[in-house]
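This report concerns only the one structure given below.
Every number in this text was worked out from the coordinates using simple rules, so none of it is lab data. Since the model is a prediction, treat every value here as computed from it, not as a measurement. Backbone-built Cβ (ideal geometry, glycine too); neighbour counts: all protein chains shown.
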Amino acid sequence: MPTPPIWDNLPAACRILPNWVLWKKVWKEKRWTKVPLDREGRFAKSNTSHTWCHLDEARKAFEAGTGQGVGFVFTRKADISGIDLDHCRDPSTGEVDKWAQTILDRINSYSEVSPSGEGVHILVKGVLPEGTDGRKKELEGDDHRPDAAVEMYSNKRFFTTTGNRLDQYPATVEHRQDEL
């Protein structure tokens with residue numbers, strides 16, 4: 001049985017929006033990836049709003065056995081963006097790598113542990129500049145774990161959510177347009 005998100009920790013700025021999907025892992029192109037599902041368990045699309053729902057509907061579907069978790073879809077209209085810090089955390093100790101800690105401290109907004117336990121997702125109010133709806137930067141060097149990366153999205157993508165909040169950061173989605 002998949003671990004449910006900590007529902008009450010999910011930020012209110014996201015909970016009120018109809019931008020929720022469920023997700024499951026699938027093997028695609030020689031690797032596991034998370035794909036969005038609608039509340040009926042059919043494939044959803046992060047650029048097709050009629051495949052999304054409100055959080056209470058996603059929760060009901062999850063608790064009925066649909067998907068492995070829930071996720072939030074980014075749209076420019078919602079004015080919420082996500083920053084994904086990949087492979088920056090030791091899941092056994094909770095220790096976050098220095099490079100990721102620097103980003104977390106600078107952004108200082110709602111932050112949670114990713115489903116793998118090895119990454120962190122940050123949610124902020126604001127959007128990336130037009131035409132840059134998604135960016136991924138792979139990080140290399142002695143200070144980075146294998147596959148360390150930073151990804152940022154404002155539109156047509158979704159983040160898995162856990163509600164496993166990092167307590168030293170706000171429980172709210174903070175305005176960070178300048179930082180984006």
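Using +1 at the Cβ of each Lys and Arg and -1 at the Cβ of each Asp and Glu in the chain, identify which of Pro91, Gly134, Ser116 lies farthest towards the dipole's positive end.
Gly134
Whose amide H sits under 5 Å from the amide H of Glu174, counting only residues 5 or more places off or on another chain, with H placed in the peptide plane?
So Glu174 has HN proximity to Tyr110, Lys125.
Excluding residues on the same chain fewer than 8 positions from Lys34, give the lysines whose Cα lies under 25 Å from its Cα.
Reachable lysines: Lys24, Lys25, Lys45, Lys60, Lys77, Lys125, Lys136, Lys137, Lys156.
Which semi-axis lengths, in whole Å and largest first, follow from the square roots of five times the eigenvalues of the Cα gyration tensor of segment 1-74?
Semi-axes (√(5λ), whole Å): 19, 14, 11.
Divide by every residue of the chain the summed helix terms, -39500 (n - 2.57) for each DSSP H run of at least 4, and state the resulting mean residue ellipticity at 222 nm, rounded to the nearest 500 deg cm²/dmol.
That comes out to -3500 deg cm²/dmol.
For segment 2-14, take each phi angle, set θ = phi - 60°, evaluate the Karplus expression 6.51 cos²θ - 1.76 cosθ + 1.60, and give the result in whole Hz per residue in order, putting x for glycine and proline.
Taking θ as phi minus 60°, the curve returns x, 6, x, x, 7, 3, 5, 8, 4, x, 4, 4, 8 Hz for segment 2-14.
Calculate the dipole size of segment 107-180 relative to its Cα centre from +1 charges on Lys and Arg beta carbons and -1 charges on Asp and Glu beta carbons; express the result in debye to the nearest 20.
In total the dipole reaches around 340 debye.
Angle, helix 98-107 long axis vs. longest principal axis of the chain, Cα atoms, 0 to 90°, nearest 10?
The answer is roughly 70 degrees.
Run the dipole for the chain about the Cα centre, Lys and Arg Cβ at +1, Asp and Glu Cβ at -1, nothing else charged, and hand back the magnitude in debye, nearest 20.
Charge dipole of the chain: 820 debye, to the nearest 20.
Alpha carbons only, please: Rg and Dmax for the chain, in angstrom.
For the chain, the Cα radius of gyration and maximum Cα-Cα distance read 15.4, 45 Å.
Can you give me the long-range amide H partners of Leu166? Hydrogens built in the peptide plane at 1.01 Å from N, cutoff under 5 Å, separation of 5 or more residues or another chain.
Close amide H contacts, sequence-distant or interchain: Ser111, Glu112, Val113.
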